[in-house]
Number of protein chains: 2
Amino acid sequence: MNITKAPSSTPDLVAAVSSDLTPTERLIAEAVLAEPTLLAFGTVSDLAGRVGTSRPTIVRFANKLGFDGYTKLQRHVRSEMSHLITRPSERIRHNAEKMRPAKAAISSAIETVFSALEGNRLAALSDLIVKARNVWILSGETSRAGAHAFLSKLSMVRPGVRLLEEHSMGTELGNAGPGDVAVVFDFYRYRRQVVNAAGILADAGVEVIAITDNPLSPLVELTDNWCEIEVPAIGPFDSSVPAVAIAELLVSQVARDLQEEATARIDRIEALWETSEVFL
Amino acid sequence: MNITKAPSSTPDLVAAVSSDLTPTERLIAEAVLAEPTLLAFGTVSDLAGRVGTSRPTIVRFANKLGFDGYTKLQRHVRSEMSHLITRPSERIRHNAEKMRPAKAAISSAIETVFSALEGNRLAALSDLIVKARNVWILSGETSRAGAHAFLSKLSMVRPGVRLLEEHSMGTELGNAGPGDVAVVFDFYRYRRQVVNAAGILADAGVEVIAITDNPLSPLVELTDNWCEIEVPAIGPFDSSVPAVAIAELLVSQVARDLQEEATARIDRIEALWETSEVFL
DNA sequence: GCCATAATGTAACGTAATGAACATTACTAA
DNA sequence: TTAGTAATGTTCATTACGTTACATTATGGC
């Protein structure tokens, strides 16, 4: 059960009442969230001008937030801001120490993703995917999130994309052949089943694209089209972040290359979603 | 040789003219240096009252600092203060305002992930997950990769983790109740089904943790435990990278908190994999 | 199609803001 | 001492701020 505690920060303040906000008040909320100094420094007229509404509406907004007039609201925000200013070190960087290694690790991994796609690399890989009859996706455990992202996004851009799950590998492998492309994600502690399947596909004349973490990876023997990216450890597990990142970059290039066809496809899917009221 | 550049910070400003200050003006200087918010928030009257002088003296002080009236001085101080309080991530966001290369977009988004977990935020969320009887995971489309990563990794750390898929939501929702926690990922173009399900869970007494992209998200109404992260666009699609990142950081903290239990679990699973020769 | 109600805008009022002109005090030098 | 100048205080005009009361427009139920 939620005890109704007094919210302090501006986002919390707004969030607490975000449910029953009138349209114009919602605009005000967005404005003050986007520009935190508006409330602290701005006058009622400033805010009204920015949002494109009248001054009383601003005052009513302050009332709805639980303050007796705009002045009270501003006083509160200013006092919050004072606390932030007087103690920047403690307040902002409290737990930063603990998380800094993770942050550095992720940033570095993201760097390797971009270097792996440097030059004409991204274009070359995208070209293979664009020209392929079918695209088969294989992945190990830590790369599964990347494979899923790749599947769901590439499927919106072109047809014939299939994710090979462990249980269905046997039956589906037979459908692959020359003219197809296999995108294989696998990282250290390479999965026997993934590597085997990739080998079978390569033998069957399928062009293999390997996303892996080491030039010595068994996947590299299968193809010239491979990317080496770094997989950092986040806590006890290997991170899927770089795999997802490279998957998304690949898809975005493919979408660029397919331009008309891709946009047409996306539009169709969007329309379907729209009519089936998937969104709020 | 010092080129006479415009001094920026308040102390610099005061120091630049500290040589020829009248006694009263010196008092003013001391006051504003001691309390930085005085200039930013206070009126001429406030300051005069605090220092024990008259209002014109304050105005003359502003003039001596090189400003055309107190208002101009205050405007300058406020803009300085704005720069101080805006986070680095936001600064990146504004700098790369025009067109955002994918790399900058991803970096900025990763920044927001860490900001969202600053202070005791990460610990608090982890605590909820550690103490929960069951953990239910819900997600929309662009956050699916994050949800999957969360599921697969959290499952290795503790039991009772379930991903609510769209088709099975109806039947599974009934099993949730007080003592449980729901981790909900959903971003703009919020999915009707996800929001509805989250609402049902909240009503059933389930503690909701919301990972979303806006304080005005419908998920925020349901809980005090929410994180705002940025979702950049990579090509035509929204990126799953930040969702995956925050999922992994959460799991890593949970694993830290569960220490022995978690390592025991992980060891068991590893052993299973080992004997079934999953790896090469 | 109409009425009740919520949402928003307009007008007006009292207060307090800044800055400038003017007055007074303190200090220094001849 | 006294004249002159710098420092400070007083008064006032103008502006703009926040707020309330009232009018108008949109919205939703019947």
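Odds and ends about this structure:
- Candidates B:GLN253, B:GLN74, B:GLN193, ranked by Gaussian network fluctuation over chain B, Cα under 10 Å, top entry: B:GLN74
- From largest to smallest, the equivalent ellipsoid semi-axes obtained for the range A:167-212 from the alpha-carbon gyration tensor read 17, 13, 8 Å.
- Across the range A:59-74, rounded Karplus estimates of 3J(HN,Hα) from the backbone phi angles (6.51 cos²θ - 1.76 cosθ + 1.60, θ = phi - 60°) give 4, 4, 4, 4, 4, 5, 6, x, 10, 8, x, 5, 4, 5, 4, 5 Hz, Gly and Pro being marked x.
- 3J(HN,Hα) from dihedral phi, the range A:206-213, Karplus parametrisation 6.51/-1.76/1.60, rounded to Hz, x for glycine, proline: 7, 6, 9, 10, 10, 10, 8, 10
- Taking 0.36 nm per residue of separation and subtracting the Cα-Cα distance, full extension of the segment from A:ASN196 to A:THR43 would add 48.3 nm.
- Calculated P(r) tail over 34 Å for the protein assembly as shown, as whole % of Cα pairs: 48
- Degrees, to the nearest 10: A:96-116 long Cα axis against longest axis of chain A: 40
- Karplus-derived 3J(HN,Hα), 6.51/-1.76/1.60, for each residue of the range A:169-185, Hz, glycine and proline x: 4, x, 6, 7, 4, x, 7, 8, x, x, x, 8, 10, 10, 9, 10, 9
- Oblate is the label for the range A:190-265. Its Cα gyration tensor axes, ordered a ≥ b ≥ c, give a/c of at least 1.5 and b/c at or above a/b.
- Amide proton proximity set for A:ILE234, modelled H, under 5 Å, gap of 5+: A:SER239
- Relative contact order for chain B: 17 percent, from Cα pairs under 8 Å spaced at least 6 residues apart, divided by residue count.
- The lysine pair tally for the protein assembly as shown, using Cα distances under 19 Å and a gap of 8 or more places or different chains, is 11.
- With Cα atoms, 0 to 90° folded angle of helix A:23-34 axis to chain A main axis: 70
- In the context of the full set of protein chains, residues of the protein assembly as shown present 46 Å² of accessible surface per residue (probe radius 1.4 Å, heavy atoms only).
- Residues whose amide H falls under 5 Å from that of A:VAL208, counting only those 5 or more places apart or on a different chain, are A:ALA182, with hydrogens built in the peptide plane.
- Among A:GLU166, A:GLU230, A:GLU80: highest mean-square fluctuation, GNM of chain A, C-alpha pairs under 10 Å: A:GLU80
- Part-to-part distance (alpha-carbon centres) for the range A:190-238 and the range A:118-160, which is given in Å: 14
- Teacher prompt: A:ALA104 distances to equivalent labels in other copies, 7 Å Cα→Cβ, nm: 2.6
- Cα gyration tensor, chain B - rounded (a/c under 1.5), prolate or oblate: prolate
- Antiparallel bridge percentage (DSSP; both residues within chain A; nearest 5): 10
- Database remark: amide H of B:ARG133 closer than 5 angstrom to the amide H of B:ASP180, B:VAL181 (H placed geometrically; neighbours at sequence offset of 5 or more, or on other chains; Pro and chain starts carry no H).
- Label distances, nm, A:PRO215 versus same residue in remaining copies, Cβ-directed 7 Å point: 5.1
- Listed residues B:GLU118, B:GLU172, B:GLU30, most fluctuating in chain B (Gaussian network, C-alpha, under 10 Å): B:GLU30
The values are calculated or read from the model by the stated rules, or taken from the named source; none is laboratory data. Since the model is a prediction, treat every value here as computed from it, not as a measurement. FYI the Cβ positions are ideal-geometry reconstructions off the backbone, even for glycines, and counts take in every protein chain you see. Each accessible area value is taken on the protein alone, full model and side chains, heavy atoms only, with ligands, DNA and RNA left out. Shrake-Rupley method; radii C 1.70, N 1.55, O 1.52, S 1.80 Å.
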